[in-house]
Amino acid sequence: MSTAKYSLLGISGSLRNGAFSTAVLTAMAEATADRADHSFADIGILPLFNQDLYVEPLPAPVQQLRVQIAAADGIVISSGEYNHGIPGVLKNALDWASRPHNGSPLRDKPVLIMTSSPAVTGGVRAQYQIRETVISALARPVGTPEIVVGHVGAKMIDGRFHDPAVIEFALNGFAALFAEIDRNGRG
Ligand SMILES: Cc1cc2nc3c(=O)[nH]c(=O)nc-3n(C[C@H](O)[C@H](O)[C@H](O)COP(=O)(O)O)c2cc1C
């Protein structure tokens, strides 16, 4: 096992200022900073997917996302849930990254999925839709107990996610992600 830090790309499923899902992503990036370097995707600047735009040269934000994914050892998705499902902005980003089907930057990429919601269900329904999308893109969702954060709004202090027990639990998922990257190879 290499001692070099893992390179992870974080994708938040929310564009909202003060988003809980972004706060969870940030908290976990801080909690794993000794093992991984984190960068973050800006999915808010992506155009809506339109296959007519899937031609060279790709729209610059699309190309940027695809380069970020290709360069990362693994992806961390943190998302809320909209109407029992995957937020449209996140699905849009994953669709842009998923082509061509057999040669996309997502292919074989280890992916850790976390969801959160003010509801007790913690976005678990969206989590399974995200998982299906990731599988469709031939990426590798990490097989770990689901990281689902219910009542997330009550776990925020001054705009930051603060729940040591959840963070400790989620660290198991990151350990599984790192193990999958070790099996998969870097980059
Ligand atoms: C259009 C819409 C649909 C929503 N549907 C759900 C839902 O199905 N399940 C749920 O737990 N929360 C739902 N919520 C509440 C969101 O979980 C809540 O707004 C959350 O803060 C969004 O995530 P964010 O903080 O990362 O932006 C919905 C919110 C909106 C605006």
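When the residues of region 133-187 are filtered to those that are exposed (fewer than 12 other Cβ atoms within 10 Å of the Cβ) and more than 16 Å from the ligand (Cβ to nearest atom), which remaining residue is modelled with the lowest pLDDT? Among them, the one singled out is Gly187. When the residues of region 58-72 are filtered to those that are in contact with a helix residue (DSSP H, G or I) (Cβ under 7 Å, 6 or more places away or on another chain) and not aliphatic (A, V, I, L, M), which remaining residue is nearest to Ile113 (Cα to Cα)? Of everything passing the filter in region 58-72, Arg66 is nearest to Ile113 (Cα to Cα). On the stretch given as region 9-25, residues that are more than 7 Å from the ligand (Cβ to nearest atom) and over 18 Å from Val111 (Cβ atoms) total 4. One residue alone among Ile45, Ile75 is surrounded by 20 or more Cβ atoms within 10 Å (Cβ to Cβ), farther than 15 Å from Ser116 by Cβ and not small (Gly, Ala, Ser), and that residue is Ile75. Within region 78-93, residues that are closer than 24 Å to Leu53 by Cβ and part of a helix (DSSP H, G or I) sit with their Cβ atoms under 6 Å from residues that are within 10 Å of the ligand (Cβ to nearest atom) and at pLDDT 95 or above, at 6+ positions apart or across chains, in these pairs: Val89/Leu15; Leu90/Gly13; Leu90/Ser79. For region 65-72, indicate whether the set of residues that are more than 17 Å from Val134 (Cα to Cα) and either free of Cβ contacts under 8 Å to residues at least 60 places away in the same chain or not aliphatic (A, V, I, L, M) (or both) is non-empty. Yes, because at least one residue in region 65-72 is more than 17 Å from Val134 (Cα to Cα) and either free of Cβ contacts under 8 Å to residues at least 60 places away in the same chain or not aliphatic (A, V, I, L, M) (or both).
Every residue in region 95-146 that is in a helix (DSSP H, G or I), farther than 21 Å from Phe161 by Cα and not basic (Lys, Arg), please. The answer is Asp95, Trp96, Ala97, Tyr128, Gln129, Ile130, Glu132, Thr133, Val134, Ile135, Ser136. On the stretch given as region 7-39, residues that are touching a helix residue (DSSP H, G or I) at 6+ places or on another chain (Cβ under 6 Å) and either in a strand (DSSP E or B) or more than 20 Å from Ala176 (Cβ to Cβ) (or both) total 8. Show the residue pairs meeting these rules: Cβ distance below 8 Å; 6+ apart or different chains; first residue within region 109-122 and within 13 Å of Thr144 (Cβ to Cβ); second residue away from the ligand (no atom under 14 Å from the Cβ) and at pLDDT below 95. Listed pairs, sorted by first residue: Pro110/Asn184; Leu112/Thr144. Residues in region 68-100 that are among the charged types (D, E, K, R) and either within 16 Å of the ligand (Cβ to nearest atom) or within 20 Å of Arg125 (Cβ to Cβ) (or both): Glu81, Lys91, Asp95.
The values are calculated or read from the model by the stated rules, or taken from the named source; none is laboratory data. Everything quoted here is computed from the prediction, not taken from an experiment. Cβ sites come from the backbone with ideal geometry, for glycine too, and all protein chains shown count toward neighbours.
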